[in-house]
Amino acid sequence: MHMADALLSPAVGGAMWAGSLGMIIYCAKKLKEKMDEKMIPLMGVFGAFIFAGQMINFTIPMTGSSGHIGGGMLLAVLLGPYAAFLVIASVLTIQALFFADGGLLALGANIWNLGIYPCFIGFPLVYRAIVRKNASPKIITIASVLSVVIGLQLGAVSVIVETKLSGITELPFNTFLALMQPIHLAIGIIEGFITAGIIMYVRTLRPDIVNDLEGVKTLSSGASLKKILAVMAILAVITGGALSWFASTNPDGLEWAVEKIYGKPEVPERASPVKESLSKIQEKTAVLPDYSLPSKGKEEAQPSWPAGDTGTSISGVIGAIMVLGLVVLFGVGIKLMQKFRAKP
Amino acid sequence: MTFDLEYFNIGYLDTLSYKTTFVHRLDPRIKILVSFTFILFVVSFPKYELSSLLPFFIYPVFLLTAGEIPFRAIAKKVLFISPFAIFIGIFNPLLDTSVIVKPFGVPVTGGWISFFTIILKFILTVSTALLLIAVTSFPGICEALERLRFPKIFVIQLLFLYRYLFVLLEESLRMIRAREARSFGKKGKEMKTFVRLISVLLIRSVERAERIYQAMVSRGFRGEIRVLKRHRLRYYDILFAIISISMFYLFRNFDIVNFIGNNLNRYMR
């Protein structure tokens, strides 16, 4: 369920990064106000615990395949939403770097999808609304299954929306939803039961931990829920506005794409402000204006590579092989240089 | 992936990142910024751009060779291509069946081109992320994040997470081994046992965090980690950034592949 760089456009990826970054800064500020330094090692160790815990697998009932925990809601319950969000963001950062789960651009989207929903929807609006002090095991189970399922469903829908907005997949929205939704429902139910089990087991073995941590939690959540929701709403409006603006300058679809295939259309494809300002600079600083370098900018009138033209297709293939060859040569060159330098 | 594989993979990337080649010595901020720009440029291509992506391989190849990173270490991980990208991408050839190019008379549909574009983008972005961590130590990345104005609390606990990652991984490795030694086949992996194992791991982690905190306080911790060695921007850091980003810009806006191909084709005739 990790989003991947390859499925995102710069606009969507950037917008999700902006949203997640805003939330990281907001949470850090919130924590700073009320925190004792004790929380810092606790957060770090909990992040490491999530990794270590994911290494231990279990048999999924009725299927025989094995799975591991996600841990988002568990963190929210034990640490409170602000600290939990930062820990989830860190876990995802390490996964993006060391396991290449998703990638650096998709990291923003992943933090949003897997962090925001458990921490700021599932936990405060569902879990805490149901669980009171000294809640019975049944209530805890119901609350954690419900909150995890809701969090995961929202995350899954976000993945679909982000992929669709990026215009990468041909899958229609409904089919996509039908593919994603049941899987995440099943994952959510199992994860919910496990979360409840862990909370209750830890509570019986070391009640002080849960109480301690609940103390921290009540410090950092509660009254400011309205504020969180306000921030979320503002972020959502900004993100949504940015996305729809990009989407509208972004006539997606087969028509122009097929027509201009390899013609490098001027259509502000995946239009990003970077690209726009870059092309302005390009116009001003064109080095070889008269030369026939097929600039992607101004040649929409004459498709430089019409569909089905065998001759030009072949030159495309030749060009591709040449470029790959050059890249390999470049690498070999560096290697040779290193050897040369190492010898004397 | 098995436990050992994952565990040693992180450890391996970690050891690689302490080499002292030219790319290792570059300022981490510059490496993060350039790699991020690289990914933005790569994903900015529309979905039918197969050939224009090829020149971009020069950046990962540069990091790989100049950083003296073994090719296999990266290739192995990239080949574990995220099932998710494939899962989403594989529908394109089924749904988009209009023929758009015919190289050598072989009809190729738009769906296959967009599928391979996704795969190519995937390889480029994933290998860059892995190479970034292979040529930059994790503390270096954290230092860069802090100086790029990420919140201090976030960065400090990220550092903690990384330090204790290895300790807790070994802890859970011991627990897994103990479980295997006491159970046959699929036994011992039921949810009930699992919940207890995880809970014990959790409690041990909390206790460890308490000990760590006490040890830190007695050594003068006041919510901040100080480091002696800090990177400074040097002229070749800036040179590296300028050269790489202008190259990405060139590759994005001029169709090098077609240019070379056309000229060669004309020349051969």
**Message:** So, A:G70, is that one part of a loop (DSSP other than H, G, I, E, B), within 17 Å of A:G192 (Cα to Cα) and not aromatic (F, W, Y) or not?
**Reply:** yes
**Asked** Would region A:12-30 turn up any residue that is within 20 Å of A:G108 (Cα to Cα), among the aliphatic types (A, V, I, L, M) and without any contact (Cβ under 8 Å) to a residue 24 or more places away in the chain?
**Response** yes
**Item:** Residue ID - nearest to B:P70 (Cα to Cα), chosen from residues in region B:116-128 that are surrounded by 22 or more Cβ atoms within 10 Å (Cβ to Cβ) and out of contact with any Lys or Arg (no Cβ under 9 Å at 6 or more places or on another chain)
**Value:** B:T128
**Request:** For A:A52, state whether it is facing chain B (nearest Cβ under 9 Å), among the small types (G, A, S) and not in a loop (DSSP other than H, G, I, E, B).
**Result:** yes
**Message:** Name the single residue that is least open to solvent (accessible area, probe 1.4 Å) among those in region A:30-49 being charged (D, E, K, R) and within 7 Å of chain B (Cβ to nearest Cβ).
**Reply:** A:E37
**Item:** Selection count, region B:15-54, where residues are under 15 Å from the mean Cα position of the chain (by Cα) and not hydrophobic (A, V, I, L, M, F, W, C)
**Value:** 5
**Test for B:I198: is it among the β-branched types (V, I, T), in contact with a Phe, Trp or Tyr (Cβ under 9 Å, 6 or more places away or on another chain) and either closer than 20 Å to A:T195 by Cα or open to solvent by 100 Å² or more (accessible area, probe 1.4 Å) (or both)** = yes
**Request:** For region A:95-113, state whether one or more residues are crowded, with 23+ Cβ neighbours inside 10 Å, under 12 Å from the mean Cα position of the chain (by Cα) and more than 21 Å from B:K121 (Cβ to Cβ).
**Result:** no
**Asked** How many residues does region B:170-226 hold that are at the interface with chain A (Cβ under 9 Å from one of its Cβ atoms) and at positive phi?
**Response** 1
**Prompt:** Which one is least open to solvent (accessible area, probe 1.4 Å), of the residues in region B:138-158 that are of a type in the set (K, R) and touching a residue at least 40 places away in the same chain (Cβ under 8 Å)?
**Reply:** B:R147
**Request:** May I ask you to list the residues in region A:70-81 that are at the interface with chain B (Cβ under 10 Å from one of its Cβ atoms) and under 18 Å from the mean Cα position of the chain (by Cα)?
**Result:** A:G71
**Message:** Going residue by residue through region B:243-250, is there one that turns out to be facing another protein chain (nearest Cβ under 7 Å) and touching a helix residue (DSSP H, G or I) at 6+ places or on another chain (Cβ under 8 Å)?
**Reply:** yes
**Asked** Identify, please: which residue in region A:333-344 is more than 8 Å from every other protein chain (Cβ to nearest Cβ) and not small (G, A, S) and is, among those, farthest from B:S51 (Cα to Cα)?
**Response** A:P344
**Asked** Here are some conditions: (1) surrounded by 24 or more Cβ atoms within 10 Å (Cβ to Cβ); (2) more than 10 Å from every other protein chain (Cβ to nearest Cβ). A:S65 meets all but one. Which one does it not meet?
**Response** (1)
**Asked** Which of the residues that make up region A:11-26 are crowded, with 24+ Cβ neighbours inside 10 Å and either at the interface with chain B (Cβ under 8 Å from one of its Cβ atoms) or closer than 15 Å to B:I212 by Cα (or both)?
**Response** A:G13
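The values are calculated or read from the model by the stated rules, or taken from the named source; none is laboratory data. Quantities reported herein were computed from a predicted structural model and do not represent experimental measurements. Note: ideal-geometry Cβ built from the backbone for every residue, glycine included; neighbour counts use all protein chains shown. Please note that ligands, DNA and RNA were not included when accessible areas were found on the heavy atoms of the full protein model with its side chains. Shrake-Rupley method; radii C 1.70, N 1.55, O 1.52, S 1.80 Å.
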